[in-house]
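Working notes for the structure below.
The values are calculated or read from the model by the stated rules, or taken from the named source; none is laboratory data. What you see is a predicted model, and the numbers here were worked out from it, not measured in a lab. We place every Cβ from the backbone using ideal geometry, glycine too, and count neighbours over all the protein chains shown.
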Amino acid sequence: MRITKYTHACVRIEHEGRVLVIDPGTWSEPAALTGADAVLVTHEHADHVDVLRLAGLGVPVHAPAEADIPRLAVARVAPGSEFTAAGFRVRAVGGRHAAVHGGRPDCANLGYVIDDAVYHPGDALHLPEQPIETLMVPVQGSWLKTAEAIDFVRAVAPRQAFGIHDGQVNERGLGSVHGWLAERTDHGYRHLRPGESL
């Protein structure tokens, strides 16, 4: 099995000519979807699902049954369900997005265990009920502390792990972070570039 990480939360899994892509969002490269046989979407946020790209792709797209993803036909998936996507065995786990801040409504979020070995949790730290060989661990988000990510890896105890959900740790993501701070605080927040003064 070959696993390729793309920008932010997007991951491509290939085995014996079959291609499964997880969370190709608006920040991920279009090349992640080249030759895809099926797509798994963990939740409705744009950094995990690029509706325009997926609408014209012509392959099955699986998403949580409660996800609000207008203009995209999806196979609705319930927590605990098992199905096949691109020839891979998939088990959907979890159910809700991690809490963000200030009572903001959450949304449906499913993690996916592929072939009883690989786990992509989306935007949650739900612990799967079986041993995991390869864990994709979110490393940054408005809903996540580094200590929680560390505890998550320790609790899952995979053979190997690698970081996902890291798109906000660059210039593009800084715009989002600064936007949140400006919107959610009342203290005249603004971004200062290196060398810029107040």
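Being over 12 Å from the mean Cα position of the chain (by Cα) and either of a type in the set (Val, Ile, Thr) or more than 18 Å from Leu110 (Cβ to Cβ) (or both) is true for just one of Pro30, Pro64, Pro60. Which residue is that? Please lay out each step first, then the result.
Working: Pro64 fails: either of a type in the set (Val, Ile, Thr) or more than 18 Å from Leu110 (Cβ to Cβ) (or both); Pro60 fails: either of a type in the set (Val, Ile, Thr) or more than 18 Å from Leu110 (Cβ to Cβ) (or both).
Being over 12 Å from the mean Cα position of the chain (by Cα) and either of a type in the set (Val, Ile, Thr) or more than 18 Å from Leu110 (Cβ to Cβ) (or both) holds for just one of Pro30, Pro64, Pro60, which is Pro30.
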Residue pairs within 6 Å by beta carbon, gap of at least six or interchain, first lying in the stretch 61-73 and more than 22 Å from Gly87 (Cβ to Cβ) and modelled with pLDDT of 95 or more, second charged (D, E, K, R) and outside any loop (DSSP other than H, G, I, E, B), listed first then second, are Ala65/Arg76
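Of the residues that sit in the stretch 180-198 and are among the hydroxyl-bearing types (Ser, Thr, Tyr) and modelled with pLDDT of 70 or more, which one is nearest to His101 (Cα to Cα)?
The selected residue is Thr185.
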Hey, can you tell me all the residues within the stretch 142-162 that are of a type outside the set (Phe, Trp, Tyr) and in contact (Cβ under 8 Å) with a residue 40 or more places away in the chain? Ser142, Leu144
Please work out which residue is nearest to Pro158 (Cα to Cα), limiting yourself to the stretch 108-142 and to residues that are touching an Asp or Glu at 6+ places or on another chain (Cβ under 6 Å) and at pLDDT below 95. Val139
Looking across the stretch 68-89 at residues that are touching a strand residue (DSSP E or B) at 6+ places or on another chain (Cβ under 8 Å) and on the phi > 0 side of the Ramachandran plot, the single one that is surrounded by the fewest Cβ atoms within 10 Å (Cβ to Cβ) is Gly80
Would you confirm whether or not the stretch 164-179 contains a residue that is in contact with a Leu (Cβ under 6 Å, 6 or more places away or on another chain) and either modelled with pLDDT under 85 or surrounded by 18 or more Cβ atoms within 10 Å (Cβ to Cβ) (or both)? no
Residues of the stretch 1-49 that turn out to be in contact with a helix residue (DSSP H, G or I) (Cβ under 9 Å, 6 or more places away or on another chain), closer than 19 Å to Pro60 by Cα and β-branched (Val, Ile, Thr), as a count: 6
Here are the criteria: (1) over 15 Å from Tyr112 (Cα atoms); (2) in contact (Cβ under 8 Å) with a residue 24 or more places away in the chain. Tell me which single one Val41 does not satisfy. (1)
Looking at His120, His43, His62, which is the one that is out of contact with any Gly (no Cβ under 7 Å at 6 or more places or on another chain) and surrounded by 19 or more Cβ atoms within 10 Å (Cβ to Cβ)? His62
Is there a residue being under 24 Å from Gly141 (Cα atoms), without any contact (Cβ under 8 Å) to a residue 40 or more places away in the chain, touching a Lys or Arg at 6+ places or on another chain (Cβ under 7 Å) and surrounded by fewer than 22 Cβ atoms within 10 Å (Cβ to Cβ) anywhere in the stretch 107-114? yes
